[in-house]
1. Among residues belonging to segment 104-127 that are under 28 Å from residue 153 (Cβ atoms) and in contact with a helix residue (DSSP H, G or I) (Cβ under 8 Å, 6 or more places away or on another chain), point out the one that is surrounded by the fewest Cβ atoms within 10 Å (Cβ to Cβ).
2. Answer with yes or no whether residue 143 is in contact with a strand residue (DSSP E or B) (Cβ under 9 Å, 6 or more places away or on another chain), more than 22 Å from residue 72 (Cα to Cα) and modelled with pLDDT of 95 or more.
3. Filter segment 171-185 down to residues that are surrounded by 14 or more Cβ atoms within 10 Å (Cβ to Cβ) and either out of contact with any helix residue (DSSP H, G or I) (no Cβ under 8 Å at 6 or more places or on another chain) or modelled with pLDDT under 95 (or both), then give me how many there are.
4. Report whether or not residue 152 is surrounded by fewer than 16 Cβ atoms within 10 Å (Cβ to Cβ), under 28 Å from residue 188 (Cα atoms) and without any contact (Cβ under 8 Å) to a residue 60 or more places away in the chain.
5. Scan segment 84-99 and report the pairs whose first residue is at positive phi and surrounded by fewer than 18 Cβ atoms within 10 Å (Cβ to Cβ) and whose second residue is assigned to a helix (DSSP H, G or I) and at pLDDT 95 or above, with Cβ atoms within less than 7 Å and a gap of 6+ or a chain change.
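The values are calculated or read from the model by the stated rules, or taken from the named source; none is laboratory data. Here the structure is a predicted model, which is why all the values come from computation and not from measurement. We place every Cβ from the backbone using ideal geometry, glycine too, and count neighbours over all the protein chains shown.
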């Protein structure tokens, strides 16, 4: 092709307002694009606890999720051990535990780095954890606001657990006192894992 024709064509493609630019399909970065099967509940992004890099929850579409608000200085903090054991036991079958540290109950005062170090060094936590955020009331992050709306139950203390089905629509709520090893809790997880 003649070089004198290439530059005007390229300019027309790149200059906003030209016919070619108006019909061009924008390129959406992978971090913004969401899979078509990603339920509205998962269409959020939160910073990862360890490095605060944004993480799209749509990456967990099709999984059974246990979503839990956590705290480092609570009588229920040892539940981290049970949650990690649960994750290790069922992750190959499609279960993911998602932890959301919160200071809503004044028992998570540290920075994200301090929380990450505590979780890893004290309980060997390997399941995904996100930056500290609100989980109840007007300061609740959008995920927890939706979970409360779907179940009619908001966290009243640390370690409230929601089990989300693979479709991202059906949600069951379990209060703080329900241990991750509780038979009724495990039965709900088994049921959700068997459903396709």
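1. Result: 126.
2. Spelling it out, it is not the case that residue 143 is in contact with a strand residue (DSSP E or B) (Cβ under 9 Å, 6 or more places away or on another chain), more than 22 Å from residue 72 (Cα to Cα) and modelled with pLDDT of 95 or more.
3. Going through segment 171-185 one residue at a time, the tally reaches 3.
4. Details: surrounded by fewer than 16 Cβ atoms within 10 Å (Cβ to Cβ): yes; under 28 Å from residue 188 (Cα atoms): yes; without any contact (Cβ under 8 Å) to a residue 60 or more places away in the chain: yes.
Judged against the criteria, residue 152 is a match.
5. That search, which allows pairs on different chains as well, returns 94/193.
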